[in-house]
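Student: Can you read through this structure? Questions will come right after.
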């Protein structure tokens, strides 16, 4: 086994003589910087494992994922967490930044611009988790991407639930 020890000692000494700690740190720094650009575009899953919404009972029930306003929602429904479809539960505040989606109301056939705002300041509600991605865009188009923690601009970046407020109505012209 002496040959085994001698072999690895020789290789280790050669690497130590041909490289410095500074070059090793530089290579390690390049790896960290390279991953810093990749990690922010990774998806942000706020539902977790096993927190799936129950099957919808009605198409107009705003406590189910199939409600028409939730076409681009990813998160917990505020209607199941003590809030309403357009207001946050007590003890939370609405996010200062948002994402938007265009959803069609089957009752009147019109398209509506929906602003999805996270409610921030309390831990995740954990009820009525939805992940609908109709017409979602990739992560580099921030305003239309729903896999981001939108509480990042608030004083508390703890996510609780998401509201879906109507901010505009389509005119039907294309």
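The values are calculated or read from the model by the stated rules, or taken from the named source; none is laboratory data. Model, not experiment: these values are computed from the prediction. Glycine also receives a Cβ, built like all others from the backbone with ideal geometry; neighbour counts cover every protein chain displayed.
Student: Suppose the filter is more than 22 Å from residue 169 (Cα to Cα) and without any contact (Cβ under 8 Å) to a residue 40 or more places away in the chain; does residue 63 pass it? It would help to see each step written out before you state the result.
Tutor: Details: more than 22 Å from residue 169 (Cα to Cα): yes; without any contact (Cβ under 8 Å) to a residue 40 or more places away in the chain: no.
So residue 63 fails the test.
Student: Can I ask one more? Select from the stretch 69-98 the residues that are within 12 Å of residue 165 (Cβ to Cβ) and in contact with a helix residue (DSSP H, G or I) (Cβ under 7 Å, 6 or more places away or on another chain) and write down the one among them that is surrounded by the fewest Cβ atoms within 10 Å (Cβ to Cβ).
Tutor: Among those residues, the one meeting the criterion is 84.
Student: Quick check on my filter: what residues within the stretch 156-174 are over 20 Å from residue 79 (Cα atoms), more than 18 Å from the chain's Cα centre (by Cα) and at pLDDT 85 or above?
Tutor: Selection gives 168, 169.
Student: Can you confirm whether the stretch 121-129 contains a residue that is under 16 Å from residue 63 (Cα atoms), in the same structural domain as residue 61 (by TED's automatic domain parsing) and assigned to a strand (DSSP E or B)?
Tutor: yes
Student: Can you find even one residue in the stretch 33-47 that is at pLDDT 75 or above and over 30 Å from residue 133 (Cα atoms)?
Tutor: no
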